[in-house]
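I have placed the structure first, in the form of structure tokens, so that the comments after it can refer back to it.
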Amino acid sequence: MRNLLSIDLEDWFCVSNFDDLLGREVWDACELRVVDSTKRLLDLFDRRGVQATFFVLGWIAERAPQLIREVAAAGHEIACHGYHHHRLGYLDPQRLDADLGKAMPLLRELAGAPILGYRAPSFSLTQQTMWAVPVLERHGLRWDSSVFPFGGHPEYGIADAPLHPYKIGEHLLELPMSVVEFGGRRLPCTGGGYFRLYPYELSAALIRRCHRAGRPAIFYAHPWEFDPEQPRMPLSAVKRFRHYNNLGKTLARLERLLTEFEWGPMGPWATNVAKARTRAEQAA
């Protein structure tokens with residue numbers, strides 16, 4: 001089964017963990033490290049012959065446009081991660097509309113293609129922020145991968161959300177992040193801190209469990225997770241462990257993952273799922 005490979009293209013200072021430490025007004029003064037860390041990923045993907053979906057932050061695209069062109073020229077899919085990396089809970093429909101209105105035209109120009117996919121910063125599409133769905137649809141987005149069907153994280157998740165793709169709006173298909181079920185409990189599968197903190201063998205076992213349930217695994221990572229030399233910020237002990245642990249091991253682990261499993265971008269799969277749903281509805 002082909003799994004789905006995604007990268008949230010943002011820099012080390014863009015993450016939500018740093019919202020109280022590095023406001024948007026100081027981003028321009030921060031060292032831009034995303035070009036080098038993303039090129040490490042592009043080199044790896046080229047060696048392994050895989051393509052991915054890059055959810056690009058508009059702020060980064062504006063400052064490193066050639067990087068986004070290189071990502072697109074290498075055959076990877078460009079999707080939207082918003083412009084300012086504001087979690088949806090801190091926005092309203094008007095502010096999200098303005099954020100997308102700034103990001104989407106820029107990404108279309110750099111990709112040379114329509115932008116159909118979206119991922120909310122920090123998976124912040126929750127029961128409280130469903131107002132965002134019609135805004136996404138108005139901007140021409142046709143699939144989303146922002147819902148984490150998991151109730152154990154303090155800042156995101158919808159505990160009882162479906163695990164398979166489902167329509168979340170009139171024109172918007174949701175591709176929920178990967179979790180597996182054990183005795184009525186859900187465990188996040190692959191990506192981000194979970195991939196860095198889990199033993200590799202556990203990540204691989206969870207992917208196989210997704211397959212047995214008839215679902216591909218959706219993997220996600222950020223370029224800063226492949227940059228062990230990035231600046232360190234003063235975080236609580238728990239957040240410091242979650243954020244910085246195993247940064248030096250992530251690239252080798254990902255290469256092993258790309259070797260042991262088959263991977264591809266998210267958009268083509270979303271299109272096939274949507275077509276299959278349409279055929280089933282017409283047959284019914």
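Structure data summary
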| quantity | calculated |
| --- | --- |
| Antiparallel bridge percentage (DSSP; both residues within the chain; nearest 5) | 25 percent |
| The range 175-222 pair-distance distribution - Cα-Cα, 10 Å bins, rounded % | 28, 60, 11, 0 |
| Shape of the range 1-52, Cα gyration tensor, a/c cut at 1.5 | oblate |
| Rounded, prolate or oblate (a/c below 1.5 giving rounded, otherwise prolate when a/b exceeds b/c) for the range 146-239 by Cα gyration tensor | prolate |
| Net charge over other residues, Cβ less than 13 angstrom from the Cβ of PRO234 (K, R count +1; D, E count -1) | +2 |
| Formal net charge of residues neighbouring ARG196 (Cβ-Cβ distance under 11 Å; K, R +1; D, E -1) | +2 |
| Cβ-defined net charge surrounding PHE45, 13 Å radius [Lys, Arg +1; Asp, Glu -1] | -1 |
| Cα-based shape type of the chain, given that a ≥ b ≥ c are square roots of the gyration tensor eigenvalues and the cut on a/c is 1.5 | rounded |
| Long-range HN-HN contacts of PHE55 with modeled amide H, under 5 Å | ILE7, ASP8, LEU9, ALA79 |
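We did not get these values from a lab; they are worked out from the coordinates using the rules stated. Keep in mind the model is a prediction, meaning the values are calculated, not measured. Every residue, glycine among them, receives a Cβ derived from its backbone with ideal geometry; neighbour counts consider all protein chains shown.
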